[in-house]
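Notes follow once the structure below has been shown.
Every number here is computed from the coordinates shown, using simple stated rules; none is lab data. Every value quoted in this text rests on a predicted model; they were computed, and no experiment measured them. Cβ placement follows ideal geometry from the backbone for every residue including glycine, while neighbour counts extend to all protein chains displayed.
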Amino acid sequence: MSEKKATVLIDAYSQIFRVFYAIAHLSRGDGFPTNALFGFARLLMQIEKNYAPESGAMFFDCGKPAFRLELSSSYKSNRPPMPEALKQQMPLLRTLAGLFGWQTLECENYEADDLIGAAVKNDTQSQFAIISSDKDLSQLIDDHAYMLIPGRSGGFEVRDEAAAIKKFAVTPAQIIDYLAMLGDSSDAVDGVPGIGPKTASAILQECDSLENFFADPEKLANVKQRSKLLENEELLKRNIKLITLRTQWPEKLGDLPKALEKRAPDWQKIAEFAAEYELKSILKELPVTVAEPEEKTPEKAVCPVEEKAEVDDLFSWGTRQSEAVEKVESKEPNQDDKPVQGVLF
């Protein structure tokens, strides 16, 4: 991994859903939900503290890309709608990103993963750090791009080439074929029946790629595995197209270097935002001060959960929600939520 300071690319919904489900029942005195705002603010502060990025952007999905729906009409059809409490906070999360100096980018017929891939593939001179939990992005890992995976016990796990090989037992260049065999239940993408992670990695170790296998099936010694792949050739080729990122940078987003320009955080405005939404422990950690407004307590206000100012890290609040977080960490709203996705600050 290069020592060059990395350009940070954030998979927005991956992190927003993670913090939303990691923190429950936090709200302002008048009942307005603030759990995602609180968690997202801590995440952005952690990024500033640990990496102080000078360039980068935050990427949002913009509905389901038409080309993937043409390949599979059921693509991501099992995703639940965005919770109402998160819908209420979404415009403010974009505002908060802007206060921390991040540009928020999205483009029709691109998912966030595609835009991240396009940024990485169209700038081979920069070092990139991708903040996401989405395993599909592991296909981008090489000597100038690595992932930062939010950890359950604190901080980020660095996934470079060596770490990817250790985790998946395949190289980043083989990830697309590997995932094509496994499928992805969270995206409603079927895999090859009877092929799990160990078998998929073993097949690729023997054949190097599915392309090599289909060119000469005899390369695979196991007759049963060979038969499964041949029976599911059409499925596998479809999955490869679904999983492969669209890496042409969209013209409508303008010049790539300009799109990845990041401003310094506006700490004063962040403090005012934190005061307005009663994010008290955030206020205590900021390098500026601002007067806290009086708490609003109407008759039916939701009782705020006490924030833990001593928490150093977003993901150390407790492991009791880890199962819920695992289920939703890479989810984004469905097509019906597109108007919410389109709200800009």
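Only four residue types carry charge here, +1 at the Cβ of Lys and Arg and -1 at the Cβ of Asp and Glu. Report the dipole size of segment 1-80 about the Cα centre in Debye, rounded to the nearest 20.
Dipole size: approximately 160 debye.
If you average the C-alpha positions of segment 72-124 and of segment 34-64 separately, how far apart do those two centres end up, in angstrom?
Here the answer is 12 Å between Cα centres.
Quick one: which residues, 5+ away or cross-chain, put their amide H under 5 Å from the amide H of Phe128? H built at 1.01 Å from N.
Those qualifying (amide H under 5 Å, at least 5 residues apart or on another chain) are Thr7, Ala145, Tyr146.
Based on alpha-carbon positions alone, could you give the equivalent ellipsoid semi-axes of segment 18-123 from the gyration tensor, as √(5λ), descending, whole Å?
26, 22, 11
Quick one: length gained pulling Glu157 to Asp216 fully straight, 0.36 nm per residue minus the C-alpha distance?
Here the segment from Glu157 to Asp216 would lengthen by 17.4 nm.
Dipole size in debye (nearest 20) for segment 172-243 around its Cα centre, Lys and Arg Cβ +1, Asp and Glu Cβ -1?
Using only the charged Cβ atoms, the result is roughly 140 debye.
Restricting to Cα pairs below 8 Å that are 6+ residues apart, what does the relative contact order work out to for segment 142-223? Please round to a whole percent.
Relative contact order here is 18 percent.
Averaging over all projection directions, find the projected area of the Cα convex hull of segment 172-243 and quote it in nm² with one decimal place.
Numbers: hull surface 17.4 nm².
Convex hull of Cα atoms, orientation-averaged projection: 4.3 nm².
Filter Lys5/Lys166; Lys87/Lys198; Lys167/Lys228 down to the pairs with a C-alpha to C-alpha distance above 29 Å, please.
Lys87/Lys198
Give, as a single signed number, the net charge of other residues whose beta carbon lies under 11 Å from the beta carbon of Thr124, with Lys and Arg counted +1 and Asp and Glu -1. Could you put the intermediate results ahead of the total?
Values: positive: Lys121; negative: Asp123, Asp142, Asp143.
Neighbourhood net charge equals -2.
Using 7 Å Cα-to-Cβ label points, what is the Ser73/Lys269 separation (nm, one decimal)?
In this crude spin-label approximation the distance works out to 4.6 nm.
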